[in-house]
Structures are given as structure tokens and as C-alpha cells.
1. Go through region B:220-264 residue by residue and tally those that are open to solvent by 30 Å² or more (accessible area, probe 1.4 Å) and part of a strand (DSSP E or B).
2. Can you list residue pairs whose Cβ atoms sit under 8 Å apart, with the first residue in region B:323-339 being touching a residue at least 12 places away in the same chain (Cβ under 8 Å) and the second being acidic (Asp, Glu) and surrounded by fewer than 17 Cβ atoms within 10 Å (Cβ to Cβ)? Count only pairs 6 or more apart in sequence or on different chains.
3. Of all residues in region B:206-219, which are in a helix (DSSP H, G or I), more than 18 Å from B:Ala190 (Cβ to Cβ) and open to solvent by 50 Å² or more (accessible area, probe 1.4 Å)?
4. Give me a count of the residues in region A:91-116 that are under 30 Å from A:Gln56 (Cα atoms) and in a helix (DSSP H, G or I).
5. How many residues are without any contact (Cβ under 8 Å) to a residue 60 or more places away in the chain and facing chain A (nearest Cβ under 9 Å) if we restrict to region B:119-132?
6. Could you look through region A:58-90, keep only residues that are of a type in the set (Val, Ile, Thr) and assigned to a helix (DSSP H, G or I), and pick out the one that is most open to solvent (accessible area, probe 1.4 Å)?
7. So B:Leu197 clears everything in (1) surrounded by fewer than 20 Cβ atoms within 10 Å (Cβ to Cβ); (2) more than 9 Å from chain A (Cβ to nearest Cβ) except one condition, right? Which one?
8. Just checking, how many residues over region B:105-158 are of a type in the set (Asp, Glu) and under 21 Å from B:Met228 (Cα atoms)?
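The values are calculated or read from the model by the stated rules, or taken from the named source; none is laboratory data. Just so you know, these numbers come straight off a predicted model, no measurement behind them. Methodologically, a virtual Cβ is constructed for each residue, glycine included, from the backbone with ideal geometry; neighbour enumeration extends over all protein chains shown. Keep in mind that these areas ignore ligands, DNA and RNA; they rest on the heavy atoms of the full protein, side chains included. Shrake-Rupley method; radii C 1.70, N 1.55, O 1.52, S 1.80 Å.
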Amino acid sequence: MLSFIFRRVVQMAPLLFLISVVSFVLINLPPGDYLTIKIAELEARGDSGAQFILGQYRERFGLDLPIWQQYWIWISHFVTGDFGRSFEYEREVGTLIWERMGFSVLLSLSTMLFAWLVAIPAGIFAATHQYRLGDNLLSFVAFLGLALPNFLLALLLMYLSVVVFGWSVGGLFSPEYLDAAWSPAKFVDLLKHLWVPVVVIGTAGTAGLMRLMRGNLLDVLRQQYVTTARAKGLPEGKVVYKHALRVAINPLISVAGTMFPAIIAGEVITSVVLNLPTIGPLFLRALQVQDMYLAGAILMFMSLFLMLGNLLADIGLALADPRIKLS
Amino acid sequence: MGTMEMVAAADGREQDDILLHIENLKVGFQTTSGFVRAVDGVDLKVRRGRTLAVVGESGCGKSITARSVLGLLPEQNTVMSGSIAFKSRTGEVLDIASLPRRGKRMRSIRGAEIAMIFQEPMTSLTPVFTVGDQILEALRLHTPVRGAQALARAIELLEMVGIPEPESRLKAYPHQMSGGMRQRVMIAMALASNPSLLLADEPTTALDVTVQAQILDLMRGLQDELGMSVVFITHDLGVVAEMAHEVAVIYLGQVVEYASVDDLFERPTHPYTRGLLNSLPRIGATERLVPIAGSVPDPREHRVGCRFADRCASRMAKCDTPPPLIKLPHGQDVRCWLHENEGGTQS
């Protein structure tokens, strides 16, 4: 097991290298770059001090050098933890990302927790009541959840939250707590805000997971060993929860590995609509204005999360299913 | 003692002797393509300590009959009628067919008094639990043994079914064992609570011939040792000859012939049984095998008269009326008009 983990971590390096090359090339591909536009803008205003700052950038990142040299400068600094500077925000990429990463991770984990807590019991219920009213109702809601665009759901929930509960729901905090130190009251305030994006981002995933859980469980319930368990005299609950569920839930462990980075990448629209201080809107903006070092760093982090997620899922799967050997 | 009294006494003994009595069992499934009469009035008697073989082609309803005894049929779209009388350990005679399938009484019979093993040993055990876990689970369900005692009993059971190194095998997962070994584990698990009846649904069909012989030997030995009754479902007449005391031949959801194993092979009476025996290869025989003409009709068709008539060489006008099960004087039952005038009683 340990040698497997070690090998997988080592294997990540060449993959990350490839991803870094591709991301760097892609970000540089569109004609023009952020700095040229900025210079034109500043020169039009007759700002001479800006020229000095831009000159510093050119020197630091070798922006006049050929692209492969630029890449080398970027990546060799990247591995030491210097992710470059954001032109747009005129701040270091590292600090920008760390400011928001916490909320992104919090949002992702809460969303996953929500999705699993809702999807698994619902999927089990649907599978054990196949084609009956409850199953059909759940399937209907699930398809609705899959089909409803996130921004619409976000607007809907914001409206409900403000009109029915009288809570302000933009962002993750009420204005009075925004700059306050952490306190139980601030935490409660966070929870009051968090549920909206969690529900919005989680709905589609929950619906998908529920369908997956239902399908897997139905599949397993038809297996011979479930009949064996029944023929043994086990009560139906034990047949389903012990024998069938333990096997049916394994594919969901694999899904969990890809879910975490997918949520970070997928929260963009919701976070823009709800004005959340997460990575998503930052990433979108960086891509729009070709803020290349910021975009590149976020891409690299998301790739890393995806790989780590998959590794964790593989380990989890091996722990859960004795038939799977890590080698 | 007069003759009448002797007959009555013999009848009484026979009644005492019967462990399971299935009467007029009918099972149908509502499918999207119509109603399927899978079992259409099956009567079977299983006596204490004896093996009843139930023989028939795929889809004739033999497995469904066995599954209905344990209430293991799908709950939706299934229609079942008839009675399944089982003499419980407590002495009372239960009609299993009328028990709620998920109820406590049903579960106290499943695995405890009637155990079942299946055709597919490769998929019969839950893949994520060890063999030991699954045997101990059966022990916890139906016996008072716990802890070290239960462990010792599990080892004893594995020894009984001929598994080498039982202690270490308890920790093995099903996928680490061969099909034959898994079937042995299934048998060990079935025997955990000393059932009085074992339902064996083609337990050797999926196994290699040599392994098949070992499992059959094992089952025969265990039956002698434990004195349980066995219902052995198979399509293999060779297995019937080796295992059975009595044989019921099923065709399209009905018993067409019921006989002792010797009678069946010496005096096959129903045209279907004769057809089955004629289509068996024999060592040393040079004549061509004779297959039964035609093929099994669609069970969704509703048929009047004898179910086998279309494929029968001896078909006559009377076959359009359903034949009753005719009791022949030497104790064989046959569902065929050809033997109408030989028989004593009809049912």
C-alpha cells in the first residue's frame, strides 16, 4: 500500500509537468497579452510611473524572452512556491489564492457532505421502492435538479432567503461580520450564508449521485449473494444495509475523488451570482483578462487536487473492497 | 388388525414421515410481454431423511418452486397460490405459502429449518466479507453459540465440508477461493443450524465434472450423517441417479411423473420422461440418440389439455383434455392419458 502511494505521487510529477506546459501555452495562445493592453491604456493617460512597474514585470518574468524561456522562469519559481504576480490585482498570486482557498475548500467540502447526506439515503430509498410512488417522485426531483441551471436556482434561493427569512445572502458573511474576528456569532452568520451556495452547487451533484446510488443498489440487489443473505434468514434491513450497500457504495467512492476539484471549478457561476469570495470568480476573471500567472497557478492547483482526489479515492476503494489490490 | 386398519396405520406413518408437502402450487409473473405461468399446480412431498430430485428443463419452474418454499420470489408482479405445509421443529405444521414473506416466522424458518444452496457458487457469497464473517453471521442468527465457541463451530463446519486448513480459510474472502470451495462454504453455511431440509438448486451445474462428483459425494455423506431431507433440483439425470430416492419430473410447471429413482429408470412411464432418457448417451451404445421432437413452448401461451401433447409421438384426441395425475398400482404417479386404465386412483 505505501509503495503504491509513493509510486502514484512520483507519477504525478511528469503529469503535472505536461499540464503546466499545456496550460502555459494555452494561456499565451490568444493574440495580445495583458501587459500590452495595460501599457496602451496607461500611455493614453500619459502615466509614466506605470512604465517603470511594467518594466519590472518584464524583467522579473522575462516577458521579452522567447516563450519557452518565459515558461522556464515561471515553472522554476512555481516549484519553490513563488507563483508569480497578478497584473490585474497587482498582488502576489500566492496571497490572492490563499485568501480564497479556505472558503473554496470549505464550500466544496460542505457541498460534498450535503450531496452525500442527501443522495445516499434517497438513492437507497428509491432502489428499495423501485417504480413505486416514492421512487418516481425522487427521480422527478432528481431530474429537475439536474436540469435546473445553477444561476436560476441561486437567484431563486436568494429571493426566498431575503423575502421569507429576511436574511441577506450575498457573499459568505453579513456586512457587520465581514472584517470582524472569528467568533461563534460570526460562525453562525457563515452558516446562514453557506447553505444557499451549498444547495445551489450541490443540487446537480446530489441528483447525479442519487441516480448512481439507486442504479448500483438495484444492480447489487439482483445479485445471487443478496438472495443468499435473504435465504439465510437475515431481516430485510440487514440484507440491504449490510450485504448490498457495502458493495453498491464502492463506485461512489471513485466519484468522490473527482467531485472535490469539480466543485471548485464548477462553482464559478454560482459564486459570481452570489458574490462569494472563492476561487471560481477569481479564475474566471483571470482568464477573461489574460492575467496569465494567476490563471496558470489556479489551473495547476486544480490539476493537483484532481490527482490527489483520485489517489485518495483509489486508496479508499482499496480499503472498502477486498477484491481490489493496489499494485 | 383388519386390512383397512393396516392401511390407515401405514397412511398415518406416512403422514408423520412427510416433512414438506407442496400442494397445487401456482406461481405466475406479470411481465411486460404478458402473464407467465411458471409453476402451474405442482404437488410434491418430501419425506424425512430422503432426497427428492426435481428434474426438468430450464424454465420448467423447478427453481421457482424451490424459491417459493423460502419466500424468495420477487415481491412485485408475482402471483402465488397453493399451500406449502412444513413440519416445524416445534411440531406444528405451518403453511409457509401463507406466511408474510418479511415476517419473523418466515425468517425463523429461512436458514434455520430450511436452508438453500444455489447454482452459482462464484456469486453466492458476498464479496466484501470474509467466509468466516458469513458463516458466523448464520450461526449468530440461528444458534445460541457466541464468541470462541462460535468460532470453533465455524471451523468444525468447514472441516465437515472438507475444506483444508479451516482456521486460515475463515479469514479468506470468497474471491480467493475456487468455485468448488465456495460451494463447500455455502454448504457449511447452510448446515450451520442443522436444518431439517436442504434445498439444493442445481448446486453442481456450474462446476467442473470432477469437482461436481466431489460435491455430490459430500452432500450424500452429510445427508447420511445429519439425517436431513434434501430437495435436489437438477436437469441432469446422471445426478438424479446418484443422489435421489424419489424423483419428480416437471414439464412446463407441472409434475408429469413422480416415482422412486429405481422405478423411474427401469420403467419410465410418461412420454416426456422416456424422451429424456432416450436422449441420454450411454457408454457402449451404438444407436443414435433420439431427441425429443420440437422445443419447449412459450410459457406465456395458455394451453388447454396436456402440456406435452405437441411434442408427443403418442398423441391422441383425448390429450386436448388436461390429464390428471394417475396413481399407478406400484406407486408411480404419471400425468398421461395412456395410463388411464392401468391406474388406481386419479387426482
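1. Looking only at that region, the number is 3.
2. Partner pairs satisfying both residue conditions: B:Pro323/B:Glu340; B:Ile326/B:Glu340; B:Ile326/B:Glu342; B:Leu328/B:Glu342; B:Pro329/B:Glu342.
3. B:Val209, B:Thr210, listed by residue number.
4. 9
5. The total comes to 6.
6. Looking at the filtered set, the residue picked out is A:Ile67.
7. Among (1) surrounded by fewer than 20 Cβ atoms within 10 Å (Cβ to Cβ); (2) more than 9 Å from chain A (Cβ to nearest Cβ), the lone unmet condition for B:Leu197 is (1).
8. 2
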